[in-house]
1. Inside the range 224-240, can you point out the residues that are assigned to a helix (DSSP H, G or I) and touching a residue at least 12 places away in the same chain (Cβ under 8 Å)?
2. Check off (1) open to solvent by 10 Å² or more (accessible area, probe 1.4 Å); (2) touching a Ser or Thr at 6+ places or on another chain (Cβ under 8 Å) for Ile98 and give me the number that stays unchecked.
3. Answer yes if at least one residue in the range 27-42 is of a type in the set (A, V, I, L, M, F, W, C), under 26 Å from Ala216 (Cα atoms), outside any loop (DSSP other than H, G, I, E, B) and in contact with a His (Cβ under 8 Å, 6 or more places away or on another chain), and no otherwise.
4. Just give me the residues in the range 13-48 being touching a residue at least 12 places away in the same chain (Cβ under 8 Å) and either of a type in the set (Asp, Glu) or over 28 Å from Leu65 (Cβ atoms) (or both), in sequence order.
5. Do you know which of the residues in the range 75-98 that are in a helix (DSSP H, G or I) and charged (D, E, K, R) is farthest from Ser232 (Cα to Cα)?
6. Mind checking whether some residue in the range 187-196 is out of contact with any Leu (no Cβ under 6 Å at 6 or more places or on another chain), small (Gly, Ala, Ser), without any contact (Cβ under 8 Å) to a residue 60 or more places away in the chain and closer than 18 Å to Gly54 by Cα?
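The values are calculated or read from the model by the stated rules, or taken from the named source; none is laboratory data. Fair warning: this is a prediction, and the values are worked out from it, not measured in the lab. Neighbour counts are summed over all protein chains in view; Cβ atoms, including those assigned to glycine, are modelled from backbone coordinates with ideal geometry. What goes into the accessible areas is simple: the full protein's heavy atoms, side chains included, and nothing from ligands, DNA or RNA. Shrake-Rupley method; radii C 1.70, N 1.55, O 1.52, S 1.80 Å.
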Amino acid sequence: MEYQTLRVRRDGPLCRVRFDRPEHRNTINDAMIRECHQVLDLCERHHTLVVFEGSPEVFCYGADLAAFGPGAGGGAEYDPSPLYDLWLRMATGPFVTIAHVRGKTNAGGVGFVAASDIVLAENSATFSLSELLFGLYPAMVMPFLIRRTGYQRAHYLTLLTKPVAASQAAEWGLVDACAERGGPLLSQHLSRLSKLPKDGIERYKRFMTSRLQPLAEQREAAIAANLEIFSSDVNRDRIARFVEHGIYPWEAVEASPSTTTP
């Protein structure tokens, strides 16, 4: 199968999914969400291990804000539910999901991380939630993030809006293991995890999903909050100004366009 936003490699029990939008910092768009669902359709039937990874520089930098810019048509037709459902499938599906993180991870990228069963990171990796800088907040990320880090750590990361290092993320529970180089760390884990039978994984994850705070029960509230955030004219103006001119919400209108992202 040909993919526009992913590179997919299938080998026995393993499926490796690499975000492949380098010119857009591997940001999330509708095509990426749709293609990830297609991959998980295959994995439900044929694979026990699913690895999500990005480039050495960027794992995933969140939503593609250009989709909410002027003339993008993302208003009335915007539907966040496929993204939440994707993360829900990652967290509860009959396979082990692994986030192999190198470089920067921001906003919705943290959603992919938090929804994974296992998170492996290089020491140089960073994690951030920058949404509140735009008057937004990570409504759909939070159920998955709180499940991993607890309420206060997720709350702090949201308010801080700046990147934290992999070592800090490991202390908080967002990262399970980190090393100088992610490749060998991933190989060590795959060597062990590949021995697990698919039926055992399916039964175990079904059991754990039912015992822990059910993510499915939080779906409607998270989606509704996300829709409210992105339907705000004020928030959409902030996004449009950034997309068109590179000006952040806290900068004066006459400020020169910025070339960096939070």
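1. Of the range 224-240, the ones assigned to a helix (DSSP H, G or I) are 224-231, 233-240.
Within the range 224-240, Ala225, Asn226, Leu227, Ile229, Phe230, Ser231, Val234, Asn235, Arg236, Arg238, Ile239, Ala240 meet the criteria.
2. (1)
3. Going through the range 27-42, the residues of a type in the set (A, V, I, L, M, F, W, C) turn out to be 28, 31-33, 36, 39-40, 42.
Checking the rest, the ones that are also under 26 Å from Ala216 (Cα atoms) come to 28, 31-33, 36, 39-40, 42.
Add one more test, that the residue is outside any loop (DSSP other than H, G, I, E, B), and what stays is 28, 31-33, 36, 39-40, 42.
Pick out the ones that are also in contact with a His (Cβ under 8 Å, 6 or more places away or on another chain) and you get none.
No, every residue in the range 27-42 fails to be of a type in the set (A, V, I, L, M, F, W, C), under 26 Å from Ala216 (Cα atoms), outside any loop (DSSP other than H, G, I, E, B) and in contact with a His (Cβ under 8 Å, 6 or more places away or on another chain).
4. Taking the range 13-48 as the starting set, the residues that turn out to be touching a residue at least 12 places away in the same chain (Cβ under 8 Å) are 13-22, 24-40, 42-44, 46-48.
Answer for the range 13-48, where residues must be touching a residue at least 12 places away in the same chain (Cβ under 8 Å) and either of a type in the set (Asp, Glu) or over 28 Å from Leu65 (Cβ atoms) (or both): Pro13, Leu14, Cys15, Asp20, Asp30, Glu35, Leu42, Cys43, Glu44, His46, His47, Thr48.
5. Applying the first criterion (in a helix (DSSP H, G or I)) to the range 75-98 yields 81-92.
Those still in the list that are charged (D, E, K, R) too: 85, 89.
Details: Asp85: 23, Arg89: 29 Å.
By that ranking, first place goes to Arg89.
6. First, the residues of the range 187-196 that are out of contact with any Leu (no Cβ under 6 Å at 6 or more places or on another chain): 187-192, 194-196.
Pick out the ones that are also small (Gly, Ala, Ser) and you get 187, 191, 194.
After this cut, where a residue has to be without any contact (Cβ under 8 Å) to a residue 60 or more places away in the chain as well, the list is 187, 191.
Checking which are closer than 18 Å to Gly54 by Cα leaves us with 187.
There is at least one residue in the range 187-196 that is out of contact with any Leu (no Cβ under 6 Å at 6 or more places or on another chain), small (Gly, Ala, Ser), without any contact (Cβ under 8 Å) to a residue 60 or more places away in the chain and closer than 18 Å to Gly54 by Cα.
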